[in-house]
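Undergrad: Sharing a structure with you now.
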């Protein structure tokens, strides 16, 4: 990449000079010398364009940088000058080898999102870069994705509504198969556990969760643009929605609890290296166990998470949550 803005401007001027295939220096009349630029002519051109002179040493350093960064095929005919030895321009190949390496690594991640219309520009980029890879290349990064997830077809429409700030009419079907028609002000797209959701505002009489709620894309049946006035989102309202929950379920009037858990040393490292929530704190350490506290609402996602630890985790407080988990385990045991 250019060392600085001035270097980038010089590269552009040099490149433009080398595009002039019929240029001939005043110091020669030989037709075979067309397109060659003497050092002093290039220095004069750069000073004319930038209003600032550079040394021939800087110019030759620019040649080396253009060759290294852009693959510029600069040749020197002794006592005549410099030019490209073939048709070339740095604007046709603005990425250097390092850039391609970084982009290849990025595409290892982005390719898992192909199929989303929202990422179609990224898909085009991925396709172009993939074409430049050898057939022996193999995937070196793998993400947990479900490309055929129901609802992905609505991501682009919702994203557009968010950025262009308009209200959409949703036909939404609950898991009880109850259909609802909702005028919805979308604010945020969120992915959780391979499912997509949209957070937004609805009239209390229409929505499922009060004014602010999160709706699953796989339950949306239809989306239409409306001419209704868009309600501007309240930043505090949006940030507070996820402040006291793990996952996505937030019942408006539910109490926030001080949750205390006990985890054996082997599994506690999981929580230490990957906290499950910003409110997580290491409360106490013992020889065989670590204790953690959280400020959270009790929802299905939190219940599933803690049950997933099995015998390695015990909820100590609140008592009501402890009892709830105990019953869930007893009910599960009854099946075996």
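The values are calculated or read from the model by the stated rules, or taken from the named source; none is laboratory data. The shown structure was predicted, so the numbers you read here are calculated from the model rather than taken from an experiment. No Cβ is skipped: glycine too gets one built from the backbone with ideal geometry, and neighbour counts run over all protein chains shown.
Undergrad: Can you name every residue in the stretch 267-285 that is closer than 20 Å to residue 325 by Cβ and outside any strand (DSSP E or B)?
TA: At the first step, the residues of the stretch 267-285 found to be closer than 20 Å to residue 325 by Cβ are 267-268, 270-271, 276-277, 279-280, 283.
Within the stretch 267-285, 267, 268, 270, 271, 276, 277, 279, 280 qualify.
Undergrad: Taking residue 15 and the conditions (1) in contact with a strand residue (DSSP E or B) (Cβ under 7 Å, 6 or more places away or on another chain); (2) buried (at least 17 other Cβ atoms within 10 Å of the Cβ), which numbered condition does it fall short on, given that it satisfies the others?
TA: Residue 15 satisfies all of (1) in contact with a strand residue (DSSP E or B) (Cβ under 7 Å, 6 or more places away or on another chain); (2) buried (at least 17 other Cβ atoms within 10 Å of the Cβ) except (1).
Undergrad: Taking residue 46 as the residue in question, decide whether it is assigned by TED's automatic domain parsing to the domain that holds residue 80, surrounded by 17 or more Cβ atoms within 10 Å (Cβ to Cβ) and farther than 19 Å from residue 79 by Cα. It would help to see each step written out before you state the result.
TA: Working: assigned by TED's automatic domain parsing to the domain that holds residue 80: yes; surrounded by 17 or more Cβ atoms within 10 Å (Cβ to Cβ): yes; farther than 19 Å from residue 79 by Cα: yes.
For residue 46, the condition - assigned by TED's automatic domain parsing to the domain that holds residue 80, surrounded by 17 or more Cβ atoms within 10 Å (Cβ to Cβ) and farther than 19 Å from residue 79 by Cα - is met.
Undergrad: Which numbered condition in (1) modelled with pLDDT of 90 or more; (2) assigned by TED's automatic domain parsing to the domain that holds residue 164; (3) under 20 Å from the mean Cα position of the chain (by Cα) is the only one that residue 228 fails?
TA: (3)
Undergrad: In the list 149, 172, which residue meets the criterion of being within 26 Å of residue 192 (Cα to Cα), at pLDDT 80 or above and not in a helix (DSSP H, G or I)? Walk me through how you get there before you give the answer.
TA: Working: 149 fails: at pLDDT 80 or above.
The conditions single out 172.
Undergrad: Would you be able to say whether some residue in the stretch 286-304 is touching a helix residue (DSSP H, G or I) at 6+ places or on another chain (Cβ under 8 Å), modelled with pLDDT under 95, outside any strand (DSSP E or B) and closer than 30 Å to residue 200 by Cβ?
TA: Within the stretch 286-304, none of the residues are touching a helix residue (DSSP H, G or I) at 6+ places or on another chain (Cβ under 8 Å), modelled with pLDDT under 95, outside any strand (DSSP E or B) and closer than 30 Å to residue 200 by Cβ.
Undergrad: For residue 203, only one of the following conditions fails: (1) in a loop (DSSP other than H, G, I, E, B); (2) in contact with a helix residue (DSSP H, G or I) (Cβ under 8 Å, 6 or more places away or on another chain); (3) over 23 Å from residue 156 (Cα atoms). What is its number?
TA: With respect to (1) in a loop (DSSP other than H, G, I, E, B); (2) in contact with a helix residue (DSSP H, G or I) (Cβ under 8 Å, 6 or more places away or on another chain); (3) over 23 Å from residue 156 (Cα atoms), residue 203 is out only on (2).
To keep it simple, each residue is scored yes or no on (1) assigned to a helix (DSSP H, G or I); (2) on the phi < 0 side of the Ramachandran plot.
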| residue | (1), (2) |
| --- | --- |
| 6 | yes, yes |
| 28 | no, yes |
| 35 | no, no |
| 41 | yes, yes |
| 57 | yes, yes |
| 61 | yes, yes |
| 82 | no, yes |
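Undergrad: Which residues, taken from the stretch 318-331, are farther than 22 Å from residue 248 by Cα and either outside any helix (DSSP H, G or I) or without any contact (Cβ under 8 Å) to a residue 12 or more places away in the chain (or both)? Full working, then the answer.
TA: Our first condition is that a residue be farther than 22 Å from residue 248 by Cα; within the stretch 318-331, this holds for 319, 323, 326-327, 329-331.
Passing the criteria: 319, 323, 326, 327, 330, 331.
Undergrad: Tell me, which residue of the stretch 190-213 that is without any contact (Cβ under 8 Å) to a residue 40 or more places away in the chain and under 15 Å from residue 168 (Cβ atoms) is surrounded by the most Cβ atoms within 10 Å (Cβ to Cβ)?
TA: Within the stretch 190-213, the match that is surrounded by the most Cβ atoms within 10 Å (Cβ to Cβ) is 200.
Undergrad: Say we look at the stretch 159-169 and pick out the residues that are out of contact with any strand residue (DSSP E or B) (no Cβ under 6 Å at 6 or more places or on another chain) and in a helix (DSSP H, G or I); which of these is surrounded by the most Cβ atoms within 10 Å (Cβ to Cβ)?
TA: 159
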